[in-house]
Amino acid sequence: MCSSLIKEMDTATVANVTAVPPPTYPPSAQETAHKQFLYDYPTYATTHCLTELRRADYQRLDAHGQIYLDYTGGGLYAESQLTKHFDLLRNHVYGNPHSANPTSQAMTELVEGTRRYVRQYFNAGEDYVVVFTPNASGALKHVGESYPFQSGGRYLLTFDNHNSVNGIREFAQAKGAEFIYLPLTRPELRIDRGKLVELLDTIDPAYPHLFAFPAQSNFSGVKHPLEYVELAHSKGWDVLLDAAAFVPTNRLDLQQVQPDFVSMSFYKMFGYPTGIGALLVHKRVLGKLHRPWFAGGTVNFASVQGRGHVLTPGEAGFEDGTVDYLNIPAVKIGLQHLESIGIETIGERVRCLTGWLLDNLYGLRHSNGRALIRIYGPTTTVDRGGTVTLNFYGPDEKLLDYRRIEELANQQGISLRTGCFCNPGAGEIAEGLTPEDMHAGMSGGADMNLPRFVQMIQYRGNKSAGAIRVSVGLATNFADVYRFLHFAASFRDQTNLNIGEVTFDIESCRVIRDGS
């Protein structure tokens, strides 16, 4: 599907690129590995158009010698997306939408056209409204603050959830509803179906109940069964589906599966623009939501002296203030970019590269036969995506500091991610952390930061409070995963003493302190 797009990109150039030659390895080793890879994963050949697209539309990766393995953190934009968006802005005059003047009307049509295209892309028909939000977290906050939680109701969520889904429990609890966590199975970190059925059955149908789960884990890559949506519906629950990690490489057909709420961030799918997400709300539950405030753009009418307001119906009642109107058209361009390639093609490429990486990481051993790598979650490609979370262990079976490994990866131009990935529940289950471990950490109060917590957990039985996450995506090629495997293998027979101490501290999820 992407052959025409590749032709279009053949003449593309990247401005201001300083070439950085990549490290060289024995050609025979990589070539031999590549041949074996193609033998083991023959369907990779059907994704050749993405190899060409990498050269034409993502050439900055190789020009800078960058190995990008953080697609779960954020997708990469294509040069063609920027060109089309900037051409649109350069060649037209657009104003603040939803007014009657010519520039406003032109912008309104682009915004609403994008909204229609989002529904079309997800095959939502007229069943859903599309609310533009700053990100997936903004979409989830809408649900949390507007859902009719009340005493007698329940909020059921899995251990495997992003913190923005976990945070909804604060709204539920404040309104008197009970929140309950659904456990995961070990070692694959999948939803315990038997326990799910048990919990879904124990409700009073007179009250509203919400079940939230991710279509794909941003921690382990597990794809949780979408059939759970209808299972929950059949037992009287509303369902919130966090699709942020799923939709970059999988098709979500909202005629085949119909959750009540779907959250996503578009930069996860195609890199640009950032700062725009969406909440898709099924019309059958739209009337259940009650916003706790109103803002500019969300009301048909408001009065100071009359002390009242009339909320705008539909999605407009949730889009506070002025939407990011100049960037919203870039969402349509990004979706069209994915369509020109084919989401199935992207998904198959990711499956093949992930499978090869899992096969080879799992086989890494120290000279004494002990495993170098511990992978959290499935070690095959069955019902899992392109996210691989792991930790390194020395020949003495001591945990190697994941922060130091990230630092060493940085030196080789490898972008991966470390920490708990805003998904503490999955990490706690994966590493076997107990409630006692977590209470000990929480007892440190406001003075507890991430380095102290990591150290404390390590002392409590050689456990980890974080991990290393690598994730492949649209523009990944075999050379990228080969480079990472070569990097991983370099830790064979290494200990924390050998690899050196980390030179920076991550005090929280957002603050990095240079220790130099």
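The values are calculated or read from the model by the stated rules, or taken from the named source; none is laboratory data. The shown structure was predicted, so the numbers you read here are calculated from the model rather than taken from an experiment. All Cβ positions, glycine included, derive from the backbone under ideal geometry; neighbour counts span all protein chains shown.
Before moving on, here are some points about what is shown:
- Flag if Gly377 is under 19 Å from the mean Cα position of the chain (by Cα) and under 15 Å from Leu69 (Cβ atoms): no
- Condition check for Leu231: outside the structural domain of Ile346 (by TED's automatic domain parsing) and touching a helix residue (DSSP H, G or I) at 6+ places or on another chain (Cβ under 8 Å): yes
- Qualifying residue in the stretch 168-175 (condition: small (Gly, Ala, Ser), in a loop (DSSP other than H, G, I, E, B) and in contact (Cβ under 8 Å) with a residue 12 or more places away in the chain): no
- Those residues of the stretch 182-198 which are among the β-branched types (Val, Ile, Thr) and either under 21 Å from the mean Cα position of the chain (by Cα) or closer than 15 Å to Phe211 by Cα (or both), in sequence order: Ile191, Val197
- Criterion: under 25 Å from Ala409 (Cβ atoms) and at pLDDT 95 or above - qualifying residue of Thr51, Thr43, Thr47, Thr24: Thr51
- Residue in the stretch 258-272 that is touching a Gly at 6+ places or on another chain (Cβ under 9 Å), in the same structural domain as Thr158 (by TED's automatic domain parsing) and farther than 25 Å from Val470 by Cβ present: no
- Condition broken by Val247, with the remaining ones in (1) at pLDDT 95 or above; (2) out of contact with any helix residue (DSSP H, G or I) (no Cβ under 8 Å at 6 or more places or on another chain); (3) of a type in the set (Val, Ile, Thr) satisfied: (2)
- Residues of the stretch 42-72 classified as surrounded by 20 or more Cβ atoms within 10 Å (Cβ to Cβ), touching a Gly at 6+ places or on another chain (Cβ under 7 Å) and more than 21 Å from Lys268 (Cα to Cα), total: 0
- All conditions but one from (1) crowded, with 21+ Cβ neighbours inside 10 Å; (2) assigned to a loop (DSSP other than H, G, I, E, B); (3) of a type outside the set (D, E, K, R) apply to Ala212; the one that does not is (2).
- Condition met for Val131 (modelled with pLDDT of 95 or more, of a type outside the set (Phe, Trp, Tyr) and touching a Leu at 6+ places or on another chain (Cβ under 6 Å)): yes
- Each residue in the stretch 275-284 was checked for being β-branched (Val, Ile, Thr) and surrounded by fewer than 18 Cβ atoms within 10 Å (Cβ to Cβ), and 0 pass.
- Residue count for the stretch 49-71, restricted to those that are in contact with a Phe, Trp or Tyr (Cβ under 7 Å, 6 or more places away or on another chain) and not in a helix (DSSP H, G or I): 2
- Of all the criteria given as (1) outside any loop (DSSP other than H, G, I, E, B); (2) touching a strand residue (DSSP E or B) at 6+ places or on another chain (Cβ under 7 Å); (3) crowded, with 21+ Cβ neighbours inside 10 Å, the one not satisfied by Val247 is (1).
- Counting only helices (runs of 4 or more DSSP H) wholly contained in the stretch 369-456, the ones carrying 3 or more residues that are over 24 Å from Thr354 (Cα atoms) and at pLDDT below 90 occupy 435-442.
- Set side by side, the residues His98, His92 differ, and just one is surrounded by fewer than 19 Cβ atoms within 10 Å (Cβ to Cβ), of a type outside the set (Asp, Glu), at pLDDT below 95 and closer than 30 Å to Leu280 by Cα, which is His98.
- Inclusion of Thr46 among residues that are β-branched (Val, Ile, Thr), in a helix (DSSP H, G or I) and at negative phi is warranted.
- Selection within the stretch 294-314 - exposed (fewer than 12 other Cβ atoms within 10 Å of the Cβ) and within 29 Å of the chain's Cα centre (by Cα): none
- Filter pass, Gly342 being crowded, with 20+ Cβ neighbours inside 10 Å, within 30 Å of Tyr128 (Cβ to Cβ) and touching a residue at least 12 places away in the same chain (Cβ under 8 Å): no
- Failed criterion for Ser265 (all others in (1) farther than 19 Å from Thr72 by Cα; (2) polar (S, T, N, Q); (3) crowded, with 23+ Cβ neighbours inside 10 Å hold): (1)
- Against the conditions (1) touching a Lys or Arg at 6+ places or on another chain (Cβ under 9 Å); (2) not assigned by TED's automatic domain parsing to the domain that holds Asn477, Gly386 satisfies every one except (2).
- Qualifying residue in the stretch 110-119 (condition: without any contact (Cβ under 8 Å) to a residue 60 or more places away in the chain and surrounded by fewer than 16 Cβ atoms within 10 Å (Cβ to Cβ)): yes
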